[in-house]
Each structure stands twice: as C-alpha cells, then as structure tokens.
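Contents: one structure, followed by commentary.
The values are calculated or read from the model by the stated rules, or taken from the named source; none is laboratory data. From a predicted model like this one, the values you see are computed outputs, not experimental measurements. Positions of Cβ are generated from backbone atoms using ideal geometry, with glycine treated the same way; all protein chains shown enter the neighbour counts. Remember, those area values only see protein heavy atoms, side chains included, never the ligands or the DNA or RNA. Shrake-Rupley method; radii C 1.70, N 1.55, O 1.52, S 1.80 Å.
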Amino acid sequence: MNSPAPSTTISKPGALLVSGWDDEHVERYRALADELGAQGWACRLVDLPNDAWSAARRAAVTREDNLQDVLAAYDALAREPGVDPGAIGLVAISYGGYLAAFASARRPVRWLALRAPALYRDEGWSTPKEDLDKEDLAAYRLLRLGAADNRALAACAAFRGDVLLVGSGSDDTVPRPVIENYAAAFAQVKSLRLRMLEGADHALSHPEWQEAFHSCLIDWMKQRRAELVPAQVQVPLRKLRILVVEDDADMLAVTLELLNTLGHWATGVKSAEVAINRFLDGAFDVLMTDINLPALSGLDLAQKLQRQRFPVIFATGRAPPEELAPGTFWLQKPYTAAQLEDVLRLAAAFGARAGRER
C-alpha cells in the first residue's frame with residue numbers, strides 16, 4: 001500500500017501579538033499584524049480583555065485564565081497551514097509581556113519581543129485580576145527582584161532564545177526597575193537587545209515614541225526572519241525541467257530568468273490550454289502556474305494533471321488554503337529565490353516518489 005503524499009506549503013515563522021490589559025491601542029497591533037503578514041509572517045492577536053467578554057467574566061478572570069488564552073492562541077497559530085512550529089515568537093506589551101514570560105516556559109517559543117512587560121507578585125495567582133491591590137503592585141514594581149523572587153523572572157532566566165526588551169524612561173505603570181529586573185533575568189539568552197525610550201510614557205502617547213518603538217521592533221524582527229533556515233527535508237536538487245504558466249508577460253520573464261539562474265531549464269506559456277498539451281507529452285518534471293489565468297484557471301489545470309501525479313506549484317498572491325491536494329505546493333507572491341528553491345525541492349521529492357509508484 002502506497003503511503004499518502006504530503007500536502008505542503010512554504011513554512012512561515014509565526015508571531016503571536018499579546019496586548020496589554022485594557023489596551024486602548026489594539027488597532028496599532030492589528031496594523032502591525034498586517035504589516036508583518038505582508039513580510040511573510042503568520043500572525044495572531046490576543047486581546048485582553050476581549051471585547052466579547054461579559055462584565056461577569058471580566059470581573060472574575062485570573063492570570064491563569066489569561067495565560068491559558070495565550071497558550072490556546074499559540075497552539076492555534078502553530079497548527080495553521082504553512083506555519084513552522086519551531087519558529088514562533090511573541091510580541092507582547094505590558095500585562096501581555098508578563099504572560100509571554102510564562103508562555104515561554106510552557107511552549108517552544110523561539111524569541112520574545114517585550115515592551116514595558118509588567119510584573120506581579122506570585123501570590124494571588126488565582127485572584128481575579130481586577131481585585132489585585134494596585135497600590136501594593138506599584139510599590140512591588142520598585143523592588144529589585146531576581147529569578148528566585150518571581151516566577152515570571154524565573155521563566156525568563158530559563159529562556160534561551162532571542163529577546164528584544166523595550167522600556168519607557170518616564171513610565172509610571174512599569175517603571176525602570178521592572179525593566180532592569182527583566183534584563184538581569186535574561187542573562188542566559190542567545191541575544192538580548194535592550195532599548196530605553198527616554199522621556200516616553202507607558203502608552204507611547206506621542207507619535208515619535210510610537211515610531212521609535214515600531215522601527216526598533218521591525219528592524220529586530222527582520223533580523224530574526226533573516227536568520228531562519230527553512231526546517232524542511234532537503235533532497236539533492238537535480239536540474240529540473242519546469243513549465244511556467246503565467247499570463248503576465250513581465251512576471252513570466254522574471255520567473256524564467258530566476259529559474260534559469262538557479263540552474264534549471266524552464267520555458268513558459270500564457271494559458272492553461274497550451275500548458276496541457278505541452279506538459280502531457282512528458283517533457284517536464286514540474287508545473288509552476290499562476291491561479292488567475294484567462295479561460296481555464298490554474299486550479300482547473302492542476303485537477304486535469306493530478307491523474308498523471310505530476311507536481312504542481314501554485315505561484316500566486318493568494319493566501320494558502322487550509323488544505324492542499326497531494327502533489328500540489330503553494331508559493332505566495334512575492335517570494336524570494338530561497339523560498340522558490342525550497343518549494344522546488346519539495347516538488348522534486350514528490351515527483352521522484354510518484355515516478356517510482358507509477
């Protein structure tokens with residue numbers, strides 16, 4: 001009995017965004033998620049408290065409840081099609097940063113980007129958050145604390161990934177000692193970038209403070225993205241014969257040039273109808289097609305070729321579906337040469353298996 005062929009998309013890193021409690025700037029995080037998504041990240045946002053919560057739930061919710069919300073969102077992100085579960089990090093603000101520290105001890109978090117992460121006493125973990133003594137909390141946040149004094153700091157001391165830690169120099173909610181406590185706890189991490197926004201308040205109420213944080217975060221995340229090596233099975237990639245179906249003449253020319261630069265033999269056509277005749281004569285190893293084509297679409301073309309068990313790569317600006325048919329692969333535009341090479345390896349591996357089984 002033949003084993004089922006894998007359904008695969010290009011792996012993306014994941015970013016889980018966790019807002020602060022009663023954060024009035026959730027729209028900023030939604031815009032950030034959109035920006036990161038355009039750069040190749042898969043993103044989810046955890047909003048605490050959620051607008052859908054009843055007044056009774058808000059009044060009763062505890063830190064443990066909220067931590068479970070964060071973990072559930074992490075798990076959902078890790079299950080998304082195309083997401084690399086080994087390349088997920090958290091971008092977290094204030095109370096969300098505190099919860100992110102705990103999440104890093106319970107899930108394989110690769111990196112942490114924390115702005116003004118809050119700190120709470122270990123005592124009262126099961127007390128509703130709204131019932132915590134705010135005056136006592138303000139005094140607690142002025143103390144010098146270490147991993148032995150606080151479970152969130154202990155989680156940070158055990159973390160070994162990359163960390164971005166950003167504080168505000170004039171923050172009355174999360175004062176400087178809290179940032180210093182976190183920085184000291186991250187002594188054993190792979191890398192730590194510490195940035196203090198001097199003069200800034202907790203909410204980053206001036207546009208220049210918001211821009212300073214945004215630029216710092218985006219630059220740091222670009223570095224994390226560049227460091228990622230696709231965790232995909234590598235097979236020796238022989239020279240492939242590739243038929244490209246693309247009705248945009250400029251895009252077709254660029255794609256053919258890139259494929260030739262990568263060492264493959266490639267030719268192109270502008271319609272699915274022509275591709276069928278060209279492909280079925282056995283001259284090609286892989287079909288690479290856009291979806292939006294005149295007349296017959298790329299999806300229709302793939303269905304007609306599936307009987308032949310040829311690998312098909314969809315190169316499209318569309319987001320990937322939840323499931324792909326065996327032997328079909330997704331390459332979302334715009335893509336890099338490295339991403340193209342990765343999906344070609346997967347397609348070549350499928351083609352080799354299918355050839356043995358035919």
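In this structure, ARG238 qualifies as assigned to a loop (DSSP other than H, G, I, E, B) and either without any contact (Cβ under 8 Å) to a residue 12 or more places away in the chain or within 30 Å of LEU287 (Cα to Cα) (or both). Going by the conditions given, is SER297 polar (S, T, N, Q), touching a Leu at 6+ places or on another chain (Cβ under 7 Å) and modelled with pLDDT under 90? Taking the combined requirement at face value, the residue does not satisfy it. Return yes when ALA155 is closer than 18 Å to ALA118 by Cβ, open to solvent by less than 30 Å² (accessible area, probe 1.4 Å) and out of contact with any strand residue (DSSP E or B) (no Cβ under 7 Å at 6 or more places or on another chain) and no when it is not. Here the answer is yes, as ALA155 does meet what is asked. At least 1 residues being over 23 Å from ALA73 (Cβ atoms) is the threshold, and among the strands (runs of 3 or more DSSP E) wholly inside region 99-198 those reaching it are 162-168, 191-197. The residues in region 236-283 that are closer than 15 Å to LEU340 by Cβ and at pLDDT below 80 can be counted, and the count is 1. Flag not set for GLU135, criterion: in contact with a helix residue (DSSP H, G or I) (Cβ under 6 Å, 6 or more places away or on another chain) and among the acidic types (Asp, Glu). On the given criteria, is ARG225 within 30 Å of ARG110 (Cα to Cα), open to solvent by 40 Å² or more (accessible area, probe 1.4 Å) and within 29 Å of the chain's Cα centre (by Cα)? Yes; evaluated as a whole, the condition is true for this residue.
Checking the conditions here, which among ALA302, ALA283, ALA266, ALA295 is small (Gly, Ala, Ser) and assigned to a helix (DSSP H, G or I)? First the steps, then the outcome.
Details: ALA283 fails: assigned to a helix (DSSP H, G or I); ALA266 fails: assigned to a helix (DSSP H, G or I); ALA295 fails: assigned to a helix (DSSP H, G or I).
ALA302 is the lone residue from the list that is small (Gly, Ala, Ser) and assigned to a helix (DSSP H, G or I).
Scanning for something modelled with pLDDT of 90 or more, out of contact with any strand residue (DSSP E or B) (no Cβ under 7 Å at 6 or more places or on another chain) and basic (Lys, Arg), does region 60-76 turn up at least one residue? Yes; the residues of region 60-76 include at least one that is modelled with pLDDT of 90 or more, out of contact with any strand residue (DSSP E or B) (no Cβ under 7 Å at 6 or more places or on another chain) and basic (Lys, Arg). Among the criteria (1) modelled with pLDDT under 95; (2) part of a loop (DSSP other than H, G, I, E, B); (3) surrounded by 16 or more Cβ atoms within 10 Å (Cβ to Cβ), the one ASN50 does not fulfil is (3). Close Cβ contacts (under 8 Å, 6 or more residues apart or on different chains) running from residues in region 241-255 that are open to solvent by 60 Å² or more (accessible area, probe 1.4 Å) to residues that are basic (Lys, Arg) comprise ASP247/LYS270.
Does region 327-342 include one or more residues that are in contact (Cβ under 8 Å) with a residue 24 or more places away in the chain, within 20 Å of GLY40 (Cα to Cα) and acidic (Asp, Glu)? Yes, region 327-342 contains at least one residue that is in contact (Cβ under 8 Å) with a residue 24 or more places away in the chain, within 20 Å of GLY40 (Cα to Cα) and acidic (Asp, Glu).
Go through the residues of region 275-284 one by one and say whether even a single one is among the β-branched types (Val, Ile, Thr) and touching a Gly at 6+ places or on another chain (Cβ under 8 Å). Within region 275-284 (the criterion being among the β-branched types (Val, Ile, Thr) and touching a Gly at 6+ places or on another chain (Cβ under 8 Å)), the answer is no, since none of the residues qualifies. Return yes when VAL18 is more than 23 Å from PHE186 (Cβ to Cβ), open to solvent by less than 10 Å² (accessible area, probe 1.4 Å) and touching a residue at least 40 places away in the same chain (Cβ under 8 Å) and no when it is not. Against the criterion (more than 23 Å from PHE186 (Cβ to Cβ), open to solvent by less than 10 Å² (accessible area, probe 1.4 Å) and touching a residue at least 40 places away in the same chain (Cβ under 8 Å)), VAL18 does not qualify. In this structure, VAL166 does satisfy being among the β-branched types (Val, Ile, Thr), within 25 Å of TYR120 (Cβ to Cβ) and free of Cβ contacts under 8 Å to residues at least 60 places away in the same chain.
When restricted to residues that are in contact (Cβ under 8 Å) with a residue 12 or more places away in the chain, part of a helix (DSSP H, G or I) and open to solvent by 20 Å² or more (accessible area, probe 1.4 Å), region 77-98 contains 1.
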